[in-house]
Structures are given as C-alpha cells and as structure tokens.
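Structure first, then comments.
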Amino acid sequence: MAQITLRQLEYFVAVAERGSVSGGAETARVSQSAMSSALADLERALGVTLLHRHRRGVTLAPGAAELLGRARTLLELADEFRNAAQESGSGLSGPLRVGCYTTLAPHMIGSNVRGFLEAHPAIELSFFEGSDLELAGALQDGRCEVAITYDYRLDRLPDPQRLSAVPLTAAPPRALVPPGHALADGPVSLADLAAEPLILLDLHPAADYFLSFFRERGLEPEVRFRTSSSQLVANLVAEGLGCALLTQVAHAAPGSPRGPVARDLDDDLPALPVVALHPAGVRLSRRATAFIAQCRRGALMN
C-alpha cells in the first residue's frame with residue numbers, strides 16, 4: 001500500500017487554499033512539477049480524486065472538503081508533536097489560531113492577549129472574528145483550533161455533533177438607551193423597550209436571541225435598524241435613534257463623545273453562557289488549553 005506523507009498533505013492544503021497549483025507551489029516554495037507530482041501520488045495513494053483541474057485553477061472534488069479538514073488536523077497534530085519534543089518540559093511554543101464571535105472579541109480576546117503572551121511568549125497567537133456559523137466552519141475545516149462564542153442554539157450549527165464546548169463565563173443581556181432618555185435612570189423592562197424603536201444586532205444568531213425575549217412575552221418591537229456591528233448599535237443608540245439589547249457593552253474610550261446608557265433589565269432574563277468550542281474527539285493542544293484557562297481567569301477578574 002502506498003504511503004501518505006505529511007509533505008503531500010501540506011501540498012494539498014496549500015493548493016486548496018490558494019486555488020491553483022501554481023499558487024500552492026509558491027506557498028510551499030517548490031516547483032509546479034514537484035507539486036503536481038506530489039498531488040498525483042497522494043490521490044493515487046488514497047484512491048480518490050481530490051482536486052478538479054481547470055484553466056483558472058483547481059476546485060475541490062466532491063467529498064474533498066472533509067478530507068481537507070482532516071489533512072489540516074493531521075498537520076496540526078504533527079506540529080504539536082514537534083513542539084512537544086522541542087519544549088521538553090520548558091515553556092509552550094508554536095502556533096495557536098483562535099476564532100471569536102465578533103461582539104465577544106473585545107472582551108474575551110482583547111482583555112486576555114497581553115496576560116496570555118506574557119505567560120507564554122513563544123506561542124505564535126493569531127485570531128479572527130466572525131459569526132457562530134463562520135466559527136463552526138473554521139473549526140471543522142481546521143482553520144482554527146478553538147473558537148469562543150455564545151452557547152445559544154448551537155444545535156442549529158452544521159454538524160453540531162462534531163463540536164465540543166468548554167464553559168467559560170456567562171453574560172446577561174442589558175438594555176442600551178440614549179443619554180437623557182426617560183429610561184436612563186433605572187431598571188428597564190422589555191415592555192418599555194418594545195414601545196421604543198429598536199436597534200437590532202443582526203449577527204447570527206443574535207437577532208433571533210434578542211427577539212425571542214419579546215416573542216415569549218407577546219411583544220412586537222419596531223425594529224428601526226439592523227446591523228452586524230455592536231459598535232454601530234451603540235453609536236445609533238447614543239444618537240437617540242432607538243434603544244437596544246446587548247450582552248456585551250463596550251466601555252467608552254476616554255475623551256470620546258458620551259455613549260449610550262447601559263441598564264439592567266427587570267425581566268429576570270437568564271445570563272447567556274460563553275463557551276470555547278473545539279472539534280469533538282480531537283485532543284486540545286497544550287497551547288489551546290492554556291488559552292482557555294487564561295480566558296476563565298480573565299472572566300473571573302472582570
């Protein structure tokens with residue numbers, strides 16, 4: 001039986017990410033002929049077609065997307081093995097790619113990076129932001145090892161059984177009202193908000209989450225604006241264009257114009273859990289485990 005090599009998997013990933021054999025060869029710093037030969041050997045060893053070649057580049061063959069994710073996982077495990085051998089009991093090192101739900105990033109990423117890198121300066125940390133759908137896709141195809149998001153209807157994500165969740169903290173929803181507004185001086189109810197124009201955070205699945213509270217109480221708020229930016233939500237509220245619900249409220253920067261007023265809700269709404277997602281059945285690297293521990297410590301301090 002023909003052997004499959006890590007180098008072949010590296011080449012497969014490089015070509016798939018660049019969309020062409022020439023681009024993959026440039027990434028891997030090899031000739032196009034060497035790249036083509038290695039890919040042909042890999043397809044022969046697997047007995048399947050991985051890539052369809054055409055004039056403008058390559059596309060993944062049916063079923064190859066899952067194999068691409070597994071190839072990334074194998075390469076990450078090989079890196080982890082190499083790093084573990086090099087560490088030999090010393091500090092952690094190597095790459096760590098983290099995804100984070102966009103509205104959580106300033107709180108869960110921004111407040112933890114410094115402490116994490118001070119404790120583990122040899123780790124090559126990178127991160128990106130997105131919706132829970134984008135984070136799930138990145139986890140499943142190997143573009144990140146861990147993703148921080150809200151634990152809200154995760155069963156609706158594609159292939160949710162392929163994801164495991166580690167609890168981190170919880171965030172209660174709060175009302176945002178304009179400065180000087182009649183609701184700015186005390187607790188606010190959902191009935192109060194339903195009587196005002198609503199600025200709705202519309203980053204999957206936030207809109208469904210916030211509107212569900214109104215639906216459960218037979219209320220129908222007037223949604224005036226929708227946006228995927230929590231900062232724009234806050235800005236529009238500060239301008240007096242409506243009220244909003246958010247679970248994470250950013251602090252106004254020193255010297256900035258007066259922002260919206262955040263108020264607790266008197267409807268006894270449950271706090272929304274925040275979790276770290278990772279591929280089910282795949283052992284977390286020591287780097288990812290250390291980052292999750294840092295996020296937990298950071299949540300306790302806030």
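The values are calculated or read from the model by the stated rules, or taken from the named source; none is laboratory data. Keep in mind that what you see is a predicted model, and the values were worked out from it rather than measured. Here Cβ is always computed from backbone atoms with ideal geometry, including for glycine, and neighbour counts include all displayed protein chains.
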Cβ pairs under 7 Å, 6+ apart or interchain, first in the range 32-46 and without any contact (Cβ under 8 Å) to a residue 24 or more places away in the chain, second surrounded by fewer than 17 Cβ atoms within 10 Å (Cβ to Cβ), ordered by first then second residue, are Gln32/Ser22; Glu43/Thr49
Would you mention how many residues in the range 118-152 are in contact (Cβ under 8 Å) with a residue 60 or more places away in the chain and over 18 Å from Ala105 (Cα atoms)?
6
Yes/no for Thr5 being without any contact (Cβ under 8 Å) to a residue 60 or more places away in the chain, of a type in the set (Ser, Thr, Tyr) and either touching a Phe, Trp or Tyr at 6+ places or on another chain (Cβ under 7 Å) or closer than 28 Å to Glu124 by Cα (or both):
yes
Testing Asp159 on (1) within 17 Å of Asp264 (Cα to Cα); (2) surrounded by fewer than 16 Cβ atoms within 10 Å (Cβ to Cβ), one condition comes back false. Which one is that?
(1)
The range 120-132 - residue that is of a type in the set (A, V, I, L, M) and surrounded by 15 or more Cβ atoms within 10 Å (Cβ to Cβ) and, of those, nearest to Ala276 (Cα to Cα)
Leu125
So for the range 84-102 (the condition being assigned to a loop (DSSP other than H, G, I, E, B), at pLDDT below 90 and either under 30 Å from Val233 (Cα atoms) or not assigned by TED's automatic domain parsing to the domain that holds Ser285 (or both)), does at least one residue qualify?
no
